[in-house]
Structure formats: C-alpha cells, structure tokens
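Report on one structure; see the data block that follows.
The values are calculated or read from the model by the stated rules, or taken from the named source; none is laboratory data. Keep in mind the model is a prediction, meaning the values are calculated, not measured. Counting neighbours? That spans all protein chains shown, and the Cβs are built from the backbone with ideal geometry, glycine included. Just so you know, the surface numbers come from the protein's heavy atoms only, side chains and all, with ligands and any DNA or RNA stripped out. Shrake-Rupley method; radii C 1.70, N 1.55, O 1.52, S 1.80 Å.
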Amino acid sequence: MEVLRVTGGQRLTGEVSVPGAKNSVLKLMAATLLAPGVSTITNVPGILDVEIMAELLRRLGCGVEHRSDEATLRIDVPERPDHRADYDLVRRMRASICVLGPLVARVGAADVALPGGDNIGSRGLDMHVDGLRRMGAEVTSEHGYLLASARNRLTSAETWLDFPSVGATETILMAAVLADGTSVIDNAAREPEIVDICRMLQGMGAQIDGVGTSTLRIEGVDELHPVEHATVPDRIVAGTWAVAAAITGGDVTVHGAQADHLSIALEKLATAGASVESLPDGFRVRMDRRPAAVDIVTLPYPGFPTDLQPQFIALNSVAEGAALVTENLFEARFRFVQELARLGADVRTDGHHALVRGRSMLSGAPVEATDIRAGAGLVLAGLIAEGTTTVYGVGHIDRGYAGLVPALQSLGADIERGTATDV
Ligand code: UD1
C-alpha cells in the first residue's frame with residue numbers, strides 16, 4: 001500500500017507549473033463523442049482520472065491515444081459509438097456520468113452505471129435526468145444503471161436549475177447542442193470549466209450564447225465537427241499551491257494559471273497576511289508571518305470553491321485566531337476534519353459549519369485521505385506539522401494532482417512516496 005511521508009518544517013520556495021484542469025478535461029473528453037472523427041485535446045493533466053475516462057471512451061468504440069509527454073489526447077470517435085458505461089469504471093470515477101448527455105444526443109441511448117449512493121431522482125442526478133426528460137428523452141433506472149433513450153432527435157427545452165450544478169449544466173448543454181431548436185438553461189453553473197467546454201463546443205460548430213453567465217441559450221445544430229482544444233488551467237491545483245506557499249511561510253510563483261479564476265481564494269490569502277501578486281501567466285504568493293484565521297463560505301463560482309475548503313481548513317488550523325468555515329455544497333467534505341484532528345488540529349463541526357481554532361503547532365501522525373481534496377489538505381498540514389505525517393489513501397491524491405511529490409520536492413519540501421511497510 002502506497003503512502004506519502006511528509007516531514008514538516010520546510011519553507012517552500014521556487015516555481016511550479018499548473019496543468020490543465022481535471023474537472024474540465026474529463027468533460028472535454030466526453031464532448032468529443034458529439035462529433036465523428038479525430039479531436040485533439042491539449043494541456044491534458046497526467047492524472048489517473050484521464051486514464052479511466054480514456055478506457056471508458058475506448059469501450060464506447062473510440063480510438064484514444066494519450067501522449068503524456070506532450071500532454072495531448074487524440075480521440076477518434078466512430079460514426080456510431082456504443083452506449084454503455086460499465087459499473088467497474090463508473091465506481092472508480094463518478095465523473096463518468098458526463099458521457100450521458102453526449103450519448104443520448106448523438107446515438108439516442110445511454111446506459112450508464114449509477115455512481116454509488118445515487119438513485120434516480122435522488123440528490124445528485126435529479127437535475128441531469130429532469131433536463132434530459134424535458135428534451136424528450138426517456139430515463140429510467142434498472143439493475144443499478146441509468147437507462148436513457150430517445151427514439152427521435154432531442155427537442156429543445158427551457159430548464160431552470162434549482163441549483164447551479166456543474167454536472168447538470170454540462171449534461172444538458174451537451175445534449176442541447178444537437179437538439180432540434182433553441183434551448184435555455186437558466187441558473188446555469190458559471191465555473192471556468194463550464195466556459196471551457198462551451199468554447200470547445202463552439203469550436204465544434206455549436207451555437208451557444210451567454211457563455212460565462214447564468215443563462216445559456218443553445219441553438220441546436222444538425223451536426224458537429226471534430227476540434228483541437230486546449231484545456232483551461234487547473235484553478236484548484238493552482239489554489240493548492242497558493243495555500244502551500246502561505247502555510248509554510250514560503251514564496252512560490254505559480255505559472256500556467258489564471259489568477260482571475262481564483263479571485264476570492266487569493267483575496268482570502270491576502271487577508272490571512274500573504275502578499276499576492278498577479279502575473280501574466282499566474283501569480284506569486286509570499287508569506288512571512290503566521291497566517292491570520294480567515295472565514296470561508298463555499299459557494300458556486302464565482303464564490304469560494306468547495307474544492308479548496310480542506311486546504312483552507314488546514315491553513316486555519318495553524319492560524320492565529322479562530323475561523324468559521326461554512327460548506328454549502330458537500331457536507332461529507334468535513335469527514336476530513338477527523339483526520340486533521342489526528343495531527344492536533346482543533347476543529348469542531350456542526351452541520352455544515354466548522355469552527356477552526358488555530359494552534360501554534362500540529363504534530364505529525366498517520367492519517368487517511370478520504371477524497372482528493374482531503375488528501376491535499378492533509379499533505380499541506382503535514383508540511384507544517386512537527387515530525388512526520390504519513391498520508392494513506394494516496395490513490396485519491398493521484399486522481400487530481402499529477403507529479404505532486406516531485407513538484408513539492410523541487411520547492412524544498414521533505415516528502416517522499418513509499419509503501420506502508422517501509423515507512
Ligand atoms: C463538480 C466537480 C467537483 C466540485 C463541484 C462543485 C467534477 C468532476 N467535479 O462536481 O470537484 O466540487 O463541481 O464545484 O467536475 N446536485 C443535485 N442534483 C443534481 C446535481 C447536483 O442535488 O442533479 C447537488 C449535489 O449533490 C451537490 C451540489 O448539487 O450537493 C453540487 O453538485 P455539482 O455542482 O453538480 O457538482 P459536480 O458536477 O458533481
């Protein structure tokens with residue numbers, strides 16, 4: 001079993017580069033299904049989830065060539081892709097659900113295994129399902145699969161989302177681009193990853209108005225064509241580096257990032273006492289004092305991203321003062337707090353609030369990453385904890401952070417990958 005062993009106390013200094021966004025590239029890969037022929041995606045991150053999505057596309061009949069040295073994917077989509085996404089892949093990556101919209105639109109059918117814990121109509125997929133039904137698809141659930149079909153071409157529809165869900169916006173958008181007529185998605189998500197997929201779809205010939213706003217107007221076209229598209233930089237990885245600089249009292253320049261995608265998070269770091277400088281291709285974060293505690297409220301973009309919440313809890317756990325962190329998207333995210341407590345952090349949760357009282361010191365201990373961002377938060381805490389922190393559940397971290405260990409080492413961190421028995 002692989003683990004990361006972090007010995008705290010080093011100030012991080014130097015430069016890092018950010019790859020393309022995990023939360024965008026997986027959807028861009030699914031979007032290629034909308035047009036037969038060879039599409040190329042560049043700025044592809046070297047993460048496990050990309051491999052899982054590549055395998056899923058291969059099983060749908062696509063040829064997928066991943067040149068990881070060039071961060072490029074070449075996807076050859078057949079005239080008639082298959083339409084089944086099996087449980088063995090979906091259980092490894094919930095984002096597999098993003099093939100639903102393009103498959104129904106393109107081949108009139110999609111059988112996608114339900115990600116664990118979800119049921120048709122339950123929180124999690126209800127808005128995806130409702131959006132497709134409004135466009136004329138029939139959607140049922142049987143034997144753990146979501147079965148969607150449309151005998152004829154999908155028809156346009158107006159959808160008002162109860163909540164600006166990223167996934168539901170993407171599913172409905174990818175179905176609407178090939179539907180008959182003009183569809184409207186109101187209260188749509190506005191994340192940079194949504195803008196990214198809209199740009200790619202426009203490059204394929206889709207007609208989309210209101211990109212980057214909460215009302216998307218999509219005029220369906222008869223067919224789309226293949227495209228070459230560069231993935232938007234990963235703002236969550238960039239934000240993780242920013243916190244790494246601040247928590248260690250370091251000085252880190254992050255290249256290949258868009259500071260304007262992280263406005264609130266960088267502003268919070270400035271409030272915590274960091275000096276933040278925007279650069280043409282990223283930003284620089286410097287910290288020369290113990291951070292001050294900062295309150296956080298997670299919200300859909302442009303609010304504070306839930307995917308940076310654990311990293312900021314880690315920062316607050318060693319800050320001066322107390323902070324209130326409110327999680328409005330995923331309550332389960334607070335599970336990571338119990339692991340952080342093993343390092344001595346003082347965090348109390350109540351529903352979707354966490355009160356973090358900063359301590360002057362954490363102490364290294366074995367901890368378990370329960371998801372990608374929890375893993376990032378624990379590594380950050382390990383960087384500042386006294387002694388050695390052993391992080392289990394490395395597979396989660398590998399899903400979102402390509403080359404994390406060498407990059408941290410290059411900044412001066414004392415971290416290595418090992419097996420549970422040799423640490
Ligand atoms: C995506 C990101 C994830 C990020 C999240 C919010 C990917 C692969 N993952 O997840 O990292 O944390 O956006 O920025 O891109 N919901 C419903 N019904 C639905 C859809 C969603 O109730 O039909 C609820 C969810 O249970 C959750 C909330 O809406 O509580 C947010 O979900 P959503 O914005 O859809 O996130 P994801 O697309 O799953």
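Going by what's in this entry, would ASP126 be described as among the charged types (D, E, K, R), in the same structural domain as ASP86 (by TED's automatic domain parsing) and under 28 Å from HIS229 (Cβ atoms)?
Numbers: among the charged types (D, E, K, R): yes; in the same structural domain as ASP86 (by TED's automatic domain parsing): yes; under 28 Å from HIS229 (Cβ atoms): no.
Criteria not met by ASP126.
Does VAL107 satisfy the condition of being surrounded by fewer than 24 Cβ atoms within 10 Å (Cβ to Cβ) and more than 9 Å from the ligand (Cβ to nearest atom)? Explain how you work it out, then say what you get.
On the way: surrounded by fewer than 24 Cβ atoms within 10 Å (Cβ to Cβ): yes; more than 9 Å from the ligand (Cβ to nearest atom): yes.
Against the criterion (surrounded by fewer than 24 Cβ atoms within 10 Å (Cβ to Cβ) and more than 9 Å from the ligand (Cβ to nearest atom)), VAL107 qualifies.
Would you tally the residues in region 235-256 being open to solvent by less than 10 Å² (accessible area, probe 1.4 Å) and not in a helix (DSSP H, G or I)?
Of the residues in region 235-256, 3 are open to solvent by less than 10 Å² (accessible area, probe 1.4 Å) and not in a helix (DSSP H, G or I).
Go through region 189-206 and report how many residues are in a loop (DSSP other than H, G, I, E, B) and either within 18 Å of PRO233 (Cα to Cα) or within 11 Å of the ligand (Cβ to nearest atom) (or both). Give the derivation first.
Residues of region 189-206 that are in a loop (DSSP other than H, G, I, E, B), as a first pass: 189-191, 204-206.
From what is left, the residues that are either within 18 Å of PRO233 (Cα to Cα) or within 11 Å of the ligand (Cβ to nearest atom) (or both) are 189-191.
Total meeting the criteria: 3.
Name the one entry in LEU12, LEU28, LEU4, LEU33 that is surrounded by 17 or more Cβ atoms within 10 Å (Cβ to Cβ), within 19 Å of THR72 (Cβ to Cβ) and more than 16 Å from the ligand (Cβ to nearest atom). Don't jump to the end; show me each part of the working.
Details: LEU12 fails: within 19 Å of THR72 (Cβ to Cβ); LEU28 fails: more than 16 Å from the ligand (Cβ to nearest atom); LEU4 fails: within 19 Å of THR72 (Cβ to Cβ).
Among LEU12, LEU28, LEU4, LEU33, only LEU33 is surrounded by 17 or more Cβ atoms within 10 Å (Cβ to Cβ), within 19 Å of THR72 (Cβ to Cβ) and more than 16 Å from the ligand (Cβ to nearest atom).
Would it be correct to say that VAL285 is in a strand (DSSP E or B), in contact with a His (Cβ under 9 Å, 6 or more places away or on another chain) and either among the hydrophobic types (A, V, I, L, M, F, W, C) or in contact (Cβ under 8 Å) with a residue 24 or more places away in the chain (or both)? Spell out the reasoning first.
Details: in a strand (DSSP E or B): yes; in contact with a His (Cβ under 9 Å, 6 or more places away or on another chain): no; either among the hydrophobic types (A, V, I, L, M, F, W, C) or in contact (Cβ under 8 Å) with a residue 24 or more places away in the chain (or both): yes.
Considered against the rule, which asks whether it is in a strand (DSSP E or B), in contact with a His (Cβ under 9 Å, 6 or more places away or on another chain) and either among the hydrophobic types (A, V, I, L, M, F, W, C) or in contact (Cβ under 8 Å) with a residue 24 or more places away in the chain (or both), VAL285 comes out as no.
Does any residue of region 320-335 turn out to be farther than 19 Å from ILE236 by Cβ, surrounded by fewer than 20 Cβ atoms within 10 Å (Cβ to Cβ) and in contact with a Phe, Trp or Tyr (Cβ under 6 Å, 6 or more places away or on another chain)?
No, every residue in region 320-335 fails to be farther than 19 Å from ILE236 by Cβ, surrounded by fewer than 20 Cβ atoms within 10 Å (Cβ to Cβ) and in contact with a Phe, Trp or Tyr (Cβ under 6 Å, 6 or more places away or on another chain).
Being open to solvent by 20 Å² or more (accessible area, probe 1.4 Å) and out of contact with any Gly (no Cβ under 9 Å at 6 or more places or on another chain) is true for just one of ARG80, ARG92. Which residue is that?
One residue alone meets the criteria, ARG92.
Could you check region 315-336 and list, in sequence order, the residues that are modelled with pLDDT under 95 and hydrophobic (A, V, I, L, M, F, W, C)?
LEU329, PHE330, ALA332, PHE334, PHE336
Given the criteria touching a residue at least 40 places away in the same chain (Cβ under 8 Å) and out of contact with any Pro (no Cβ under 9 Å at 6 or more places or on another chain), does ALA176 qualify?
Details: touching a residue at least 40 places away in the same chain (Cβ under 8 Å): yes; out of contact with any Pro (no Cβ under 9 Å at 6 or more places or on another chain): yes.
Criteria met by ALA176.
Given the options VAL391, VAL423, name the one that is β-branched (Val, Ile, Thr) and modelled with pLDDT under 95.
Working: VAL391 fails: modelled with pLDDT under 95.
Going through VAL391, VAL423 in turn, just one is β-branched (Val, Ile, Thr) and modelled with pLDDT under 95: VAL423.
Taking into account only those residues within region 142-156 that are under 17 Å from VAL112 (Cβ atoms) and part of a loop (DSSP other than H, G, I, E, B), which is farthest from the ligand (Cβ to nearest atom)? Steps first, answer last, please.
Going through region 142-156, the residues under 17 Å from VAL112 (Cβ atoms) turn out to be 142-150, 154.
Then drop every residue that is not part of a loop (DSSP other than H, G, I, E, B), which leaves 143-144, 150, 154.
Details: HIS143: 21, GLY144: 18, ALA150: 19, LEU154: 18 Å.
Per the stated criteria, the residue is HIS143.
The conditions are (1) open to solvent by 20 Å² or more (accessible area, probe 1.4 Å); (2) in contact (Cβ under 8 Å) with a residue 24 or more places away in the chain, and GLY61 fails exactly one of them. Which is it?
(2)
Please return the ranges of helices (runs of 4 or more DSSP H) entirely within region 350-423 where 1 or more residues are surrounded by fewer than 19 Cβ atoms within 10 Å (Cβ to Cβ) and hydroxyl-bearing (Ser, Thr, Tyr). Break it down stepwise before answering.
Numbers: elements: 372-384, 394-400, 404-410.
In region 350-423, the matching helices (runs of 4 or more DSSP H) lie at 404-410.
Can you find even one residue in region 364-375 that is within 20 Å of ALA246 (Cα to Cα) and away from the ligand (no atom under 16 Å from the Cβ)?
yes
Taking GLY220 as meeting all but one of (1) among the small types (Gly, Ala, Ser); (2) touching a residue at least 40 places away in the same chain (Cβ under 8 Å); (3) within 16 Å of the ligand (Cβ to nearest atom); (4) closer than 17 Å to GLY101 by Cα, write down the number of the exception.
(3)
Return the total of residues in region 157-172 being of a type outside the set (Val, Ile, Thr) and either buried (at least 20 other Cβ atoms within 10 Å of the Cβ) or near the ligand (Cβ under 7 Å from one of its atoms) (or both). Lay out the reasoning, then the answer.
Step one: of region 157-172, the residues of a type outside the set (Val, Ile, Thr) are 157-158, 160-165, 167-168, 170.
Still in the list and also either buried (at least 20 other Cβ atoms within 10 Å of the Cβ) or near the ligand (Cβ under 7 Å from one of its atoms) (or both): 157, 163-165, 167-168, 170.
Adding up the residues that qualify gives 7.
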